[in-house]
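Working notes, structure below.
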Amino acid sequence: MRLGTSLVRFMLSSATPSTSYISSPQLTASSLAFNKSPYVQILNHRNHIMHRLLSSEPARRSGGWGQAPPLSFQMLLVGLMAGAGVLAGSQVYIDTKMQKAMQTTQQVAGKASVGGGAFELVDTNNKPFTDKDLLGEFALLYFGFTFCPDICPEELEKIAAAVDMVEAQTGVKIQPVFISVDPERDTPAKVKEYVKEFHPRLLGLTGDLESIKRVSKLYRVYFSKTGESKTDYLVDHSIIHYLINPEGEFVTFYAKSYTADNLATSMSENVRKWKASHPDYHPTLKLT
Amino acid sequence: MSSPTDPPSKNTRSLCYRARDNFYKCVEDLGIDFKPGSPVPSQCKVLRQTFENSCLSSWVEHFDQQREAEARKSKFLHRVINSKKEELAGGLTGKPQS
């Protein structure tokens, strides 16, 4: 306590301007009445109070001041420090709670709500292709159809460019995948011709209506035939790209508004993060 | 274009897009708002035919609808901008304000 009070006293005294510091013209003009100037009187009063607060003598009545305040300066200081401690403690508590909540939502989003499930489709060589065949590398999924007028070609060209950029930036080859939501017209042979015009590594998957429905449900993809014609119709569908990590879990999705550059930046970022936490992933690769 | 069994290749798509753009430019130059189903102005009839031959019917319909929606949007925006302009102009010319 002694140390505390002397420390406080020291702080207060250094905070008190000495009278020699005052060089204001108004004050020096009335130098004769200087000692009785309001400024000095206030200073004296303040020093008096501080002395009273800091001294351990019991309160004494003196003209006009009444009784000493019940709260001593030490108590105030201790109170403030305790208050600060409580605030800091509660902030830390809130932060950890929030972090935990966010982690849980991320885990749920990654595992339960989108993707991360089994699907069985057919590749362009008519061989079965399942979700397990994508494991080991990042994959970018896009749902569309070959008779698509403008959007699918645009999006697939974007994917092709983005995937090449990621390879240039990180050395890692992301697997682009096109899944047809038009099982009536899109046979493996047709999809083969279609995808090879966009990128040599673009994988094309098809399936019967049930399999397509199942995989669409997994990724919350909407699709619906438009028009009455049996042969010449369009398929309305959600325009979204889904990024899957090497363990087959959904990572994030990209809307149509993403440019090839944005896509590449985000995917490269995900590749780096994965490499940082998975030393077995492309062990010889040096990522910046 | 009658519906082929093979999906349009990249080349076919480019030809379709070009024919589409040529036709739309024609009607735009005439200041006409071409709506699906409306009569084709005589100057653009040939271009319309090329357009319809180069693209699948479902595509022609799709592009026409898209075009109409875009025209509606831009007209709406113009209206909004012009009305805002008038509001502001009123304030600047010292008209009595309520």
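The values are calculated or read from the model by the stated rules, or taken from the named source; none is laboratory data. Note that the coordinates shown come from a computational prediction; the quantities given were computed from them, not determined experimentally. Cβ atoms come from the backbone with ideal geometry, glycine included; neighbour counts cover every protein chain shown.
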* Sort out which residues of the stretch A:181-191 are buried (at least 18 other Cβ atoms within 10 Å of the Cβ), aliphatic (A, V, I, L, M) and either more than 14 Å from chain B (Cβ to nearest Cβ) or in a helix (DSSP H, G or I) (or both), and write them in order of number. => A:Val191
* **Single residue of the stretch A:56-93 satisfying the filter (at pLDDT below 80 and aliphatic (A, V, I, L, M)) that is nearest to the chain's Cα centre (by Cα)** => A:Leu71
* Structure fact -> Flagged pairs (Cβ under 6 angstrom, 6 or more apart or on separate chains; first in the stretch B:53-64, more than 9 Å from every other protein chain (Cβ to nearest Cβ); second buried (at least 19 other Cβ atoms within 10 Å of the Cβ) and not in a loop (DSSP other than H, G, I, E, B)) are B:Ser54/B:Cys16; B:Ser54/B:Ala19
* Asked: Of all residues in the stretch A:129-180, how many are within 14 Å of another protein chain (Cβ to nearest Cβ), buried (at least 17 other Cβ atoms within 10 Å of the Cβ) and not in a helix (DSSP H, G or I)?
  -> 8
* Asked: How many of the residues in the stretch B:17-52 are in contact (Cβ under 8 Å) with a residue 12 or more places away in the chain, in a helix (DSSP H, G or I) and surrounded by 14 or more Cβ atoms within 10 Å (Cβ to Cβ)?
  -> 13
* Candidate set from the stretch A:192-201 (those that are facing chain B (nearest Cβ under 9 Å) and part of a loop (DSSP other than H, G, I, E, B)); member that is farthest from B:Pro7 (Cα to Cα) -> A:Phe198
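State yes or no: is A:Thr226 within 13 Å of chain B (Cβ to nearest Cβ), closer than 24 Å to B:Thr5 by Cβ, in contact with a Phe, Trp or Tyr (Cβ under 8 Å, 6 or more places away or on another chain) and free of Cβ contacts under 8 Å to residues at least 40 places away in the same chain?
yes
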* Asked: Does at least one position in the stretch A:260-271 carry a residue that is farther than 15 Å from A:Tyr142 by Cα, within 14 Å of chain B (Cβ to nearest Cβ), crowded, with 17+ Cβ neighbours inside 10 Å and hydrophobic (A, V, I, L, M, F, W, C)?
  -> no
* Checking A:Gly204 against (1) among the small types (Gly, Ala, Ser); (2) within 23 Å of A:Ala260 (Cα to Cα); (3) in a loop (DSSP other than H, G, I, E, B), which single condition isn't satisfied? -> (3)
* Asked: Looking at the stretch A:233-259, which of the residues that are among the aromatic types (Phe, Trp, Tyr) and more than 14 Å from chain B (Cβ to nearest Cβ) is farthest from B:Cys55 (Cα to Cα)?
  -> A:Phe250
